[in-house]
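I have placed the structure first, in the form of structure tokens, so that the comments after it can refer back to it.
Only the coordinates and a few stated rules stand behind these numbers; no lab work does. Just so we're clear, the structure is a prediction, and the values are computed from it rather than from any experiment. For neighbour counting, all protein chains shown are included, and Cβ atoms are generated from backbone atoms with ideal geometry for every residue, glycine included.
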Amino acid sequence: MPSSGGAGRRRLLPQAVVGATVVLLVGATAWVFQNRSREGHAPGWEVPANAAGRFLSNNAGPSLSRSGDLMGRLATERLGPEELWAGLANRGLPWSERSVYLMALAVAGGVDSARRLVALYLTEPSLNQGAFARVLSEAGCAGFLRALESLLEDGDDAHAAAAIRGLAGVGGDNALQLLADIMNDDAWPEDLRRQAALGLLQQGNDRLSTIAIHGLGTLGDEGSRAELSAILHNKPTARGLRLHAAAALGRIGSPQAAQDLVDAFEEFSGEEEQTRLLDALGHCPFPVVDNTFREFLADPASPDELRVAATEALSNSSAEAVPFLQNLAASDPDADVREMAAWAISTREPGGQLGPELARMIGIEPEPDVRRRLYEGLLVQAENPAESLLPTIQAEDDPAARIAAINAVGDAVGRGRPTSLASPFDAEMVPELETVAISESSLNLRMRAVFALRRAGTPASKAALARISSTHSPEIAKAAANGLLAKK
């Protein structure tokens, strides 16, 4: 079927003609029921002797196992079609009994029976439609899936919603693929996409539930938020699915979604679980979670590890988080928090306005790991005042902090100012970077040395890259060769 849907896919019909449309639709789709090939019955109104009873005795699914008395009666009595229809239409009976009449009518077959079944399906309460479709599927009415597809293709949104509930009840690869297609197609109305996601959730399969949860997070509307909140707070649900729901709520990022995540802290006591809740909160726009993070990080009772995790989570938040991160990087008493805040700043898009402030912080920061991240933060600032840090950089003796510092110098040189940095970079730093790149240091450190040369792009840097491109380490050689290509 076509991949588009919703109002842009179907012509929505005025309410006054919906009834007529249903009649035409079920007439057009009913023929598919004739094509079933189960032995022992023929199309039409006649119910072959004991056909329903034989079918029920041999093929009853688990959902019908509690209807033994009625099944036995159908197996020994020749009920006429209208008696079967009367039983099915009697909504005063429990569904367990009505479903047996439905199974018998499905076995009887025939165009008229098919027409009435589809019409009755459309008037069935929505809570029963999935079970109705499931019984028809168990009875071998493969054509009912095609009837549901026709409802999706030609009906209005109410018909499509009924079809979606039916597809969830039928299950199977084809039906579930249709649900996934609807959920992921933004041409369908949000309500129908959400119902398709809920149909996948109903299957009780963790893989499908994960796909559905992701789909609800992508939809991001209030209805999807409410469904995800219900999953998150439902303690019998598998822990992994609840945490997937938390991540999806973070992507939605609304004030209520953030509150759902805050409330969940009382339900998850483990450090790993709370870390994942913090990560989800960190994806929300910072104005939505500003007070939450400030209070958590200022609370003396907050565990050190979770304070670090909270700071890391803000790397995913909106640009409004940057001043708060800069304050943490400058003044938090925990060096690990300062380091993570500086790292979060370094992950931002280029064009930041903190260059001079980060340079000032580098000059007074006592911890080399924090300085390393602050140097990295200079790379994404509109201004990189590395020349003011030259004495500090030359004094760095921690290997990782020193390579990060030289990267900052290479970045400043590559930007073309100040030109006074190019000479010390070529004379003092290029040889050091080449030595590190071909050394036995960690791959990460060697790769950073290559990138410092690539950032600078001076003749001396290019010559060093050419020599490094012949090194025995394939990763380093490729990075150096790519740097030469990039600078041509």
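Side notes on the structure shown:
- Any chance residue 380 is under 22 Å from residue 312 (Cα atoms), of a type in the set (A, V, I, L, M, F, W, C), surrounded by fewer than 22 Cβ atoms within 10 Å (Cβ to Cβ) and touching an Asp or Glu at 6+ places or on another chain (Cβ under 9 Å): yes
- 1 or more residues surrounded by fewer than 16 Cβ atoms within 10 Å (Cβ to Cβ) and of a type in the set (Ser, Thr, Tyr): qualifying helices (runs of 4 or more DSSP H) within the stretch 77-154: 95-108, 111-123, 126-138
- Residue count for the stretch 116-130 satisfying the condition of being under 14 Å from residue 151 (Cα atoms) and under 34 Å from the mean Cα position of the chain (by Cα): 3.
This table checks each residue for (1) within 40 Å of the chain's Cα centre (by Cα); (2) closer than 25 Å to residue 384 by Cα; (3) surrounded by fewer than 20 Cβ atoms within 10 Å (Cβ to Cβ).
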position	(1), (2), (3)
426	no, yes, yes
429	no, yes, no
432	no, yes, yes
437	yes, yes, no
441	yes, no, yes
446	yes, yes, no
454	yes, yes, no
473	yes, no, yes
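- Looking at 348, 360, just one residue is out of contact with any Asp or Glu (no Cβ under 7 Å at 6 or more places or on another chain), closer than 26 Å to residue 378 by Cβ, not β-branched (Val, Ile, Thr) and not in a helix (DSSP H, G or I), and that residue is 348.
- Helices (runs of 4 or more DSSP H) (entirely within the stretch 178-251) containing at least 1 residues that are farther than 25 Å from residue 274 by Cβ and touching a residue at least 60 places away in the same chain (Cβ under 8 Å): 190-201
- Of the helices (runs of 4 or more DSSP H) contained entirely in the stretch 381-488, those carrying at least 3 residues that are in contact (Cβ under 8 Å) with a residue 40 or more places away in the chain and more than 23 Å from residue 367 (Cα to Cα) fall at 443-456.
- Counting only residues that are more than 21 Å from residue 400 (Cα to Cα) and either touching a helix residue (DSSP H, G or I) at 6+ places or on another chain (Cβ under 9 Å) or of a type in the set (Ser, Thr, Tyr) (or both), the stretch 306-347 holds 22 of them.
- Close pairs (8 angstrom Cβ cut-off, 6 or more residues apart or separate chains): without any contact (Cβ under 8 Å) to a residue 60 or more places away in the chain and surrounded by 17 or more Cβ atoms within 10 Å (Cβ to Cβ) in the stretch 346-362, in a helix (DSSP H, G or I) and of a type in the set (D, E, K, R) anywhere: 346/373; 346/376; 362/371
- Matching residues in the stretch 179-195 - criterion: being farther than 16 Å from residue 223 by Cβ and crowded, with 23+ Cβ neighbours inside 10 Å: 179
- Some residue of the stretch 164-173 being surrounded by fewer than 19 Cβ atoms within 10 Å (Cβ to Cβ), of a type outside the set (A, V, I, L, M, F, W, C), out of contact with any Lys or Arg (no Cβ under 7 Å at 6 or more places or on another chain) and assigned to a helix (DSSP H, G or I): yes
- Within the stretch 286-342, considering residues that are touching a residue at least 12 places away in the same chain (Cβ under 8 Å) and in a loop (DSSP other than H, G, I, E, B), the one surrounded by the fewest Cβ atoms within 10 Å (Cβ to Cβ): 303
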